[in-house]
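Take a look at the following structure, please.
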């Protein structure tokens, strides 16, 4: 089983669209493919396949539970809360700010009265539809929660376990924009990283940050896709010079209105417009990836 992580520094470069089309392209070649959506703040891969998802797992996280009848308001827990999720109103009340809590559990250990015990709060869900090829697994953070990395971690672990258990040939990870902990952890699991960028100043700026992150991982296969290639006003020379300086193999997907139309219709472009320039480019890239991974 091989794992491909599709990521990019900024939002809007086309990561999800490419990941969805790539997964279908490999499925059409006879591979058993699992598409795992780790963009847990805003998962949407399934919308391109018109799939209904079923909830298969609830993701919980530690939170302290205060036993008010035992609490003496001594403030000892406050001293050992590194993120200030506990706030003491002297002589009145102890407050818990759940969005700040990182789950270290220090408060349950240091409380001299054992007035704080371990409890759990729901922070997200894992959903799936494995009725067709590619299969889809989606991580979903509860709106308002800040535990993105934790939900990504559990979704990634679940997806890899399913991939091994059910003998998938290929797992494709749809990674959210950015360079945070959850993204780094997902990249570490991958046999190949595909970074998606676009020929804009913002695209190049965030792409540079992403390459710094990927550069921390030795012996990792990494290729770059320049999406929306041919877009008027694009900074092609500067972008390509940077890619060549890092000695990264790159491929292009042309700016194609049919791809935009397919996205609006909620369909992979290679499915409904298989002969358009963008579809042909994706199929050629699929062959390149297939060769590299062998």
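The values are calculated or read from the model by the stated rules, or taken from the named source; none is laboratory data. What you see is a predicted model; the values in this text were computed from it and never measured. Cβ: placed from backbone, ideal geometry, glycine included. Neighbour counts: every protein chain shown.
Contact list please: Cβ distance under 7 Å, first residue in the range 100-117 and at positive phi, second residue surrounded by fewer than 17 Cβ atoms within 10 Å (Cβ to Cβ) and in a loop (DSSP other than H, G, I, E, B), pairs at least six apart or on different chains.
114/70
Now for a different question. Got at least one residue in the range 43-55 being surrounded by fewer than 23 Cβ atoms within 10 Å (Cβ to Cβ) and over 24 Å from residue 143 (Cβ atoms)?
No: the range 43-55 contains no residue that is surrounded by fewer than 23 Cβ atoms within 10 Å (Cβ to Cβ) and over 24 Å from residue 143 (Cβ atoms).
Can I ask one more? Is it true that residue 40 is modelled with pLDDT of 95 or more, touching a strand residue (DSSP E or B) at 6+ places or on another chain (Cβ under 9 Å) and part of a strand (DSSP E or B)?
Taking the combined requirement at face value, the residue does not satisfy it.
State whether the residues of the range 122-137 include one that is within 15 Å of the chain's Cα centre (by Cα), touching a residue at least 24 places away in the same chain (Cβ under 8 Å) and within 17 Å of residue 5 (Cβ to Cβ). Write out each step before concluding.
Keep residues of the range 122-137 that are within 15 Å of the chain's Cα centre (by Cα), which gives 124-127, 136-137.
Narrowing the set further to residues that are touching a residue at least 24 places away in the same chain (Cβ under 8 Å) leaves 124-127, 136-137.
Filter once more, so that each one left must be within 17 Å of residue 5 (Cβ to Cβ): 136-137.
Scanning the range 122-137, I find at least one residue that is within 15 Å of the chain's Cα centre (by Cα), touching a residue at least 24 places away in the same chain (Cβ under 8 Å) and within 17 Å of residue 5 (Cβ to Cβ), so the answer is yes.
Out of all the residues in the range 81-115, which are under 13 Å from residue 64 (Cβ atoms), in a loop (DSSP other than H, G, I, E, B) and under 32 Å from the mean Cα position of the chain (by Cα)? Show your work before the answer.
Step one: filter the range 81-115 for residues under 13 Å from residue 64 (Cβ atoms), giving 81, 83, 85-87, 94-98, 100-111, 114-115.
Applying the additional criterion that residues be in a loop (DSSP other than H, G, I, E, B) yields 81, 83, 85, 97-98, 100-105, 111, 114-115.
If the condition is that a residue be under 13 Å from residue 64 (Cβ atoms), in a loop (DSSP other than H, G, I, E, B) and under 32 Å from the mean Cα position of the chain (by Cα), then 81, 83, 85, 97, 98, 100, 101, 102, 103, 104, 105 are the ones that fit.
Just a yes or no: is a residue in the range 223-237 in contact (Cβ under 8 Å) with a residue 60 or more places away in the chain, in the same structural domain as residue 11 (by TED's automatic domain parsing), part of a helix (DSSP H, G or I) and surrounded by fewer than 18 Cβ atoms within 10 Å (Cβ to Cβ)? Give the derivation first.
Filtering the range 223-237 down to residues in contact (Cβ under 8 Å) with a residue 60 or more places away in the chain leaves 223, 225, 227-228.
Checking which are in the same structural domain as residue 11 (by TED's automatic domain parsing) leaves us with 223, 225, 227-228.
Applying the additional criterion that residues be part of a helix (DSSP H, G or I) yields none.
So far as the range 223-237 goes, no, none of its residues is in contact (Cβ under 8 Å) with a residue 60 or more places away in the chain, in the same structural domain as residue 11 (by TED's automatic domain parsing), part of a helix (DSSP H, G or I) and surrounded by fewer than 18 Cβ atoms within 10 Å (Cβ to Cβ).
All but one of (1) over 29 Å from residue 31 (Cβ atoms); (2) touching a strand residue (DSSP E or B) at 6+ places or on another chain (Cβ under 8 Å) hold for residue 209; which doesn't?
(2)
If you check 253, 289, which single one turns out to be touching a strand residue (DSSP E or B) at 6+ places or on another chain (Cβ under 6 Å) and either without any contact (Cβ under 8 Å) to a residue 60 or more places away in the chain or under 17 Å from residue 19 (Cα atoms) (or both)?
Working: 289 fails: touching a strand residue (DSSP E or B) at 6+ places or on another chain (Cβ under 6 Å).
Only one candidate qualifies: 253.
Any idea which residue in the range 243-264 is surrounded by the fewest Cβ atoms within 10 Å (Cβ to Cβ), counting only those that are in contact with a helix residue (DSSP H, G or I) (Cβ under 7 Å, 6 or more places away or on another chain) and part of a helix (DSSP H, G or I)?
Across the range 243-264, the extreme among qualifying residues is 258.
When residues of the range 196-222 are filtered for being in contact (Cβ under 8 Å) with a residue 40 or more places away in the chain and in a helix (DSSP H, G or I), how many remain?
Of all residues in the range 196-222, those in contact (Cβ under 8 Å) with a residue 40 or more places away in the chain come to 196-199, 202-203, 205-210, 221.
Add one more test, that the residue is in a helix (DSSP H, G or I), and what stays is 202-203, 205-210.
Residues meeting the conditions: 8.
Additional query: Kindly indicate which of 11, 30 is without any contact (Cβ under 8 Å) to a residue 60 or more places away in the chain, surrounded by fewer than 18 Cβ atoms within 10 Å (Cβ to Cβ), over 18 Å from residue 159 (Cα atoms) and in the same structural domain as residue 169 (by TED's automatic domain parsing).
Numbers: 11 fails: without any contact (Cβ under 8 Å) to a residue 60 or more places away in the chain.
Just one listed residue meets the conditions, 30.
Do you know which residues across the range 184-208 are more than 25 Å from residue 230 (Cβ to Cβ) and surrounded by fewer than 22 Cβ atoms within 10 Å (Cβ to Cβ)? Even if it seems obvious, please write down each step before you answer.
Start the filter on the range 184-208 by keeping residues that are more than 25 Å from residue 230 (Cβ to Cβ), which leaves 184-192.
Selection gives 184, 185, 188, 189, 191, 192.
Moving on. Restricting attention to the range 116-145, which residues are in a loop (DSSP other than H, G, I, E, B) and surrounded by fewer than 14 Cβ atoms within 10 Å (Cβ to Cβ)?
The initial filter retains those residues of the range 116-145 that are in a loop (DSSP other than H, G, I, E, B), namely 130-134, 142-145.
Of everything in the range 116-145, those that are in a loop (DSSP other than H, G, I, E, B) and surrounded by fewer than 14 Cβ atoms within 10 Å (Cβ to Cβ) turn out to be 131, 132, 143, 144.
Taking the condition surrounded by fewer than 22 Cβ atoms within 10 Å (Cβ to Cβ), within 22 Å of residue 282 (Cβ to Cβ) and either at pLDDT below 95 or outside the structural domain of residue 277 (by TED's automatic domain parsing) (or both), does residue 215 pass?
The answer is no for residue 215.
Among the listed residues 70, 65, 57, 50, identify the single one that is more than 19 Å from the chain's Cα centre (by Cα), outside any loop (DSSP other than H, G, I, E, B) and in contact (Cβ under 8 Å) with a residue 40 or more places away in the chain. Can you show your working first?
Numbers: 70 fails: outside any loop (DSSP other than H, G, I, E, B); 57 fails: more than 19 Å from the chain's Cα centre (by Cα); 50 fails: outside any loop (DSSP other than H, G, I, E, B).
It is 65.
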